[in-house]
Amino acid sequence: MTEKQQQILSSAQKLFALEGVAAVSTARIAKEAGVSEALIFRHFKNKKQLVEAVVKAGLAAKSSMINRALHSPDPMSLVHGLLSIPADVTDNYDQFFPWVAHLRAVRESGVEIASDSFVRERLVWAVLEIGHGRPEAVAYTIERVLDQSVELGFIGQEDEANSLSLGLRELLINE
């Protein structure tokens, strides 16, 4: 990706995370990125392709942010580590733009990219090791609660985000 493409993508992520996809025009993204609107269309053809790039980049950013927790050899530590991530949103707000933009773009535009298979595999493994039935359903729930908690923390609802994470941890590992 060129430097200009990265500027456009970063600006789109920031604006989509803060305001949503529908509320942000390509003209606003161009202004935020310091480029012409025509340059956006040269690199991304249309807003839909830009949204798809935001979704893909957001999934990659999310996977990168949770990677350390996923490598834990202890299933309880893995779950604890994942569900502790929303507590980092306030202190690392800007780092969560790609993840939140991804969530909002998927919800608003219907663009869907399959979740990271490594994330799902590790969550299923942890759930099985902890001893819960229906590991696929539980792993899916963990991912959804994690996403929801990150988004709540991002919009300033830290107490709600923490309650969701703590509640799920309690249900999963009796902590």
* If all Cα-Cα distances of segment 68-148 are sorted into 5 Å bins from 0 onward, what percent lands in each bin, rounded to whole numbers? -> 3, 14, 22, 24, 19, 13, 5, 1
* Asked: Between S163 and Q95, how many nm apart are label points set 7 Å from Cα along the C-beta direction?
  -> 2.7 nm
* Structure fact -> When the charge dipole of the chain is computed with +1 at the Cβ of Lys and Arg and -1 at the Cβ of Asp and Glu, the Cα pointing farthest to the positive end, of A12, V127, A139, is that of A12
* Within the chain, helix-based [θ] at 222 nm, where runs of 4 or more DSSP H residues each add -39,500 (n - 2.57), nearest 500 -> -24000 deg cm²/dmol
* Just grab the label-to-label distance for R144 and N46, each label 7 Å out from Cα along the Cβ direction, in nm (one decimal). => 3.1 nm
* **Per-selection metrics, segment 3-173 (Cα): Rg and Dmax in Å** => 17.0, 55
* **Given charges at Cβ of Lys, Arg, Asp, Glu: the chain dipole, positive-most of A22, S36, S77** => S36
* Point-to-point label distance, Q6-K56, nm (Cα→Cβ direction, 7 Å offset) -> 1.7 nm
* Nearest-20 debye value, segment 3-173 charge dipole, Cβ charges on Lys, Arg, Asp, Glu -> 760 debye
* Area projected by the alpha carbon convex hull of segment 1-90, averaged over all directions, nm² -> 6.8 nm²
* Asked: Under the classification rounded if a/c is under 1.5, otherwise prolate if a/b is larger than b/c and oblate if not, where does segment 119-172 fall, given a ≥ b ≥ c as square roots of the Cα gyration tensor eigenvalues?
  -> prolate
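Read the figures in this text as sums done on the coordinates, not as results from a lab. These figures come from a predicted structure and were not determined experimentally. Heads up, the Cβs are rebuilt from the backbone with ideal geometry, glycines too, and the neighbour counts pull from every protein chain shown.
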